[in-house]
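A quick write-up on the structure given underneath.
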Amino acid sequence: QLPYYWVGIKLYDLVAGSNCLKSSYVLSKSRALEHFPMLQKDKLVGAIVYYDGQHNDARMNLAIALTAARYGAATANYMEVVSLLKKTDPHTGKERVSGARCKDVLTGQEFDVRAKCVINATGPFTDTVRKMDDKNATAICQPSAGVHIVMPGYYSPESMGLLDPATSDGRVIFFLPWQKMTIAGTTDTPTDVTHHPIPSEEDINFILNEVRNYLSCDVEVRRGDVLAAWSGIRPLVTDPKSADTQSISRNHVVDISESGLITIAGGKWTTYRSMAEDTINAAIKAHNFKAGPSRTVGLFLQGGKDWSPTLYIRLVQDYGLESEVAQHLAATYGDKAFEVAKMASVTGKRWPIVGVRLVSEFPYIEAEVKYGIKEYACTAVDMISRRTRLAFLNVQAAEEALPRIVELMGRELNWDDFKKEEELETARKFLYYEMGYKSRSEQLTDRSEISLLPSDIDRYKKRFHKFDADQKGFITIVDVQRVLESINVQMDENTLHEILNEVDLNKNGQVELNEFLQLMSAIQKGRVSGSRLAILMKTAEENLDRRVPIPVDRSCGG
């Protein structure tokens, strides 16, 4: 298959022409393993490397809206179309679309927006708007759910990913470095259109099983390493003018209804400017507008004009930001990163001077919350998913950051205590159902089986009883503190409470032996990883064992 794929990839380069990022090339087996050491060696023949673009999709979407606003567009989020307005054309006597009845979903207020031309660019909701125009309109959108998962960065090299266009059931599988983590996907299943798609455990396990096929047996692919999971809806379309109405169009489709509603559907990120140009050209033609030539080619998006690869160095030097934070701000906001840096709080440390992080392991800082509000952020969900990407990178980290995010937003937007609590609850539900927290938490419940070997059970019981010195059958914060003090380790009570609460399945304020064995069984099966209690108890046990007195009788008591 290597020559077959090589020819295909070379054609890909050829079609790209002058826009080809870099030429593709073949790697021998040994070179492939050098670049991608976690690959399975047995059936590997070689690899073909090709180059593609990658972006932060939520940021890209926002940058387009902000750029449009700077060029005079009136933009509004959390706005819903309730119905289309129509009026009769005096020349033809036919009804023409003349605007939309809109609803602000945050306040419930409704109002009319009049327009000479209405464009329907609503992705998976394309047919909903088309049927507002004509209730007999044929459905052209075939929504498809695609599940993606995020895993730790060590599952792929920093600058190289893997894609196989033909998996066990014909789907495409990939795992790629993204935002310093690894993103893996994807599935492709028909779905209903919903505002709240939920990733299924079946789809998550399908992706994990496929990833296992490519990685060395030295790398254990664990369910517990899935840090976030989500389901997106692809708005695949059929061309209403095509003879074969069942065939999916891989390109975008521009459709003009009898009443003058312009619909743009399908397409992909790569061709978004071409899609926009075709849509505006169709609107100009259908409504006899006067317009100059398109300006989209070469037009910089918000933050792009004065960006340079070394911009982050100025952020470090001028403001005293950490290098990782500065690189993140420069890559995310472009030349607008300086505005974020100006808002950054002083840390009170020798270094970094400014830039208090929302969570320690990610480069997002508190100033981004304040800046996000200037960029139309209205809710806590906006902040954890569409301004920062915390919800997509690690649901637990996102939940940890939520109280501080809500506090900062509340201060800027004058939220009362009731509104803050409402925002917290809504954001937690979003993480739980839509970002994979529910399926993650279900890996360890009070109904989890204990499937350990008798020797393992004995080993874990001994470890447990080092903490449960009184043989009560359970351990509390006091027991853990006692052991930690004996090995000169200090940990505050709130942190200990959080650590025990993760494993306290029946929520009675203590961890019972059975719960501890359920945890260790789930860890052995790979369903749970990174358990703070398991690592803490193992480390403490090793320290205690090292403190056993060394017998000296054979050296005459010396």
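Add -39500 (n - 2.57) for each DSSP H run of 4 or more in the chain, then divide by its residues: what number comes out at 222 nm, to the nearest 500 deg cm²/dmol?
So the calculated ellipticity at 222 nm is -11500 deg cm²/dmol.
Residues with beta-carbon under 15 Å from that of LEU163, excluding LEU163: net charge, scoring Lys, Arg +1 and Asp, Glu -1?
Around LEU163, the charge tally is -3.
Compute the acute angle (0 to 90°) between the alpha-carbon long axis of helix 513-524 and the principal axis of greatest extent of the alpha-carbon atoms of the chain; round to the nearest 10°.
60
Could the peptides 149-158, 406-415 be put in order, highest first, of the mean number of other beta-carbon atoms found within 10 Å of their residues?
Peptide ranking by packing, descending: 149-158, 406-415.
Within the chain, what percent of beta bridges assigned by DSSP are antiparallel, to the nearest 5?
95
In percent, how large is the relative contact order of the chain, given Cα pairs closer than 8 Å and 6 or more residues apart?
11
Using the Cα centre of the chain as origin and beta-carbon charges of +1 (Lys, Arg) and -1 (Asp, Glu), tell me which of ALA47, VAL478, VAL254 is placed farthest towards the positive end of the dipole.
Most positive-ward Cα: VAL254.
Which of the peptides 40-50, 321-331 is most tightly packed, and how do the rest follow, judged by the mean count of other Cβ atoms within 10 Å per residue?
Descending packing order for the listed peptides: 321-331, 40-50.
In the set [x] 28.1, 117; [y] 48.0, 175; [z] 27.1, 99, which value of Rg and Dmax of the Cα atoms in Å was calculated from the structure you see?
After the calculation, the listed value that fits is [x].
By how many nm would the segment from ASN281 to ARG250 grow when fully extended, if each residue of separation counts as 0.36 nm and the alpha-carbon distance is taken off?
Gain in length upon complete extension: 9.1 nm.
Take each of the peptides 471-484, 367-380, 65-78, average the number of other beta-carbon atoms within 10 Å over its residues, and list them starting from the highest.
The most tightly packed comes first, giving 367-380, 471-484, 65-78.
Given a 1.4 Å probe, how much area per residue of the chain is accessible, in Å²?
Counting only protein heavy atoms, the per-residue value for the chain is 56 Å².
If I compute solvent accessible area with a 1.4 Å probe over the protein chains, what percent of it on segment 448-546 is carbon and sulfur?
Of the solvent-accessible surface of segment 448-546, carbon and sulfur hold 49 percent.
Determine how large the accessible area of ILE487 is when every protein chain is in place; take a 1.4 Å probe and give Å² rounded to the nearest 10.
Accessible area of ILE487: about 20 Å².
For segment 310-441, which whole-number percentage of the solvent-accessible area (1.4 Å probe, protein heavy atoms only) is attributable to carbon and sulfur atoms?
Roughly 48 percent of what the probe reaches on segment 310-441 is carbon or sulfur.
Quick one: of LYS290/LYS374; LYS103/LYS131; LYS472/LYS538, which pairs are farther than 26 Å apart, Cα to Cα?
LYS290/LYS374
Got a number for carbon plus sulfur as a percent of segment 1-52's accessible area, 1.4 Å probe?
The computed percentage sits at 60.
The values are calculated or read from the model by the stated rules, or taken from the named source; none is laboratory data. Nothing here was measured: the structure is a model prediction, and the numbers come from that model. Every residue, glycine as well, gets a Cβ built from its backbone with ideal geometry; the counts of neighbours run over all protein chains shown. Side chains included, ligands, DNA and RNA excluded: accessible areas come from the protein's heavy atoms. Shrake-Rupley method; radii C 1.70, N 1.55, O 1.52, S 1.80 Å.
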